[in-house]
Amino acid sequence: MDTDWKTYKSNIESTLPIYFERLKEGADLEKIHQLESNLSIKLPEDFFEIYLENNGEDSEWFVGGVMCGMRMLSLEEIEKEWKSLKAIEDEFSFNSNWTGDIVPKGAIKRKSFDYKWIPIFSDNNGNYIGIDLSPDLEGQKGQIINFGTDEHAHCVFANSLNDFLGLINKQFENGVVQKGIFQNEEGQNLLFGLSVESHLIDDLKRMKK
């Protein structure tokens with residue numbers, strides 16, 4: 001199992017057990033290859049390592065999600081969300097009018113959506129953290145970026161999925177995450193972002209400024 005993913009699961013098991021319990025069992029290798037074929041992509045090795053261990057989280061509606069309040073998509077949900085994003089772009093051509101910011105400059109293609117952007121984590125409102133398999137000249141294939149309905153500034157959060165998990169794990173280690181945890185009416189620990197009732201994408205953007 002991937003060490004960074006194992007560490008992340010240990011972190012949420014001890015501090016956010018309701019999130020840990022939502023993780024599904026691993027996917028079959030064949031199904032990951034099928035996703036690659038259906039989307040005409042080649043996924044990085046760290047994706048395989050994580051999804052062979054856990055194929056996203058329960059699909060039942062839930063306020064929040066496994067990744068600091070964002071939902072971890074299953075293979076089936078990744079394909080569904082990707083097809084929806086592609087269909088929207090094919091119909092409305094938002095890329096031709098997208099004028100948002102890129103951080104750092106030259107790392108991400110200046111688009112609303114690229115067919116080689118693979119959603120991994122969702123906020124259930126059309127915004128994603130995902131893998132960029134077609135970076136711009138200054139970027140790195142496999143880098144982790146944000147995109148979606150409300151995302152008018154696209155940022156590179158990490159150079160790989162493993163690096164992204166390492167970044168989040170550091171927020172557990174240095175106590176940042178613990179400050180953002182709050183309890184619902186049932187006394188269960190919840191977390192939206194890296195500060196109290198925030199949003200993970202917004203918090204990561206602030207970290208990159």
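Laboratory data are not the source of any read-out in this text; all were calculated from the coordinates shown. Keep in mind the model is a prediction, meaning the values are calculated, not measured. Cβ atoms come from the backbone with ideal geometry, glycine included; neighbour counts cover every protein chain shown.
Quick look at the numbers
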| item | result |
| --- | --- |
| Options Gly166, Phe62, Val156, ranked by Cα towards positive dipole end of segment 3-208, top entry (Cβ charges) | Val156 |
| Inter-label distance, nm, simple model (7 Å from Cα along the C-beta direction), Asp101/Lys170 | 2.1 nm |
| Gained length - Thr7 relative to Ala87, 0.36 nm times residue gap less alpha-carbon distance | 25.2 nm |
| Trypsin sites (Lys or Arg not before Pro) restricted to segment 1-88 and DSSP loop, no more than 13 other C-beta within 10 Å | Lys42 |
| Structure-derived volume of the Cα convex hull per residue in Å³: which label, when the choices are (i) 115; (ii) 138; (iii) 185 | (i) |
| Cα long-axis angle, helix 161-173 against the chain (0 to 90 degrees, to the nearest 10) | 30 degrees |
| Label zone at Asn38, where the point sits 7 Å out along the Cα-to-Cβ direction: segment 87-120 residues whose backbone N lies under 18 Å | 87-88, 115-120 |
| Charged-residue dipole, Cβ positions (Lys, Arg, Asp, Glu), the chain about Cα centre, Debye nearest 20 | 780 debye |
| Cleavage-rule hits, GluC sites (Glu not before Pro), segment 15-123, DSSP coil, Cβ neighbours within 10 Å at most 16 | Glu21, Glu25, Glu60 |
| Lysines whose Cα lies under 26 Å from that of Lys86, excluding same-chain neighbours fewer than 8 positions away | Lys31, Lys42, Lys105, Lys109, Lys111, Lys116, Lys141, Lys205 |
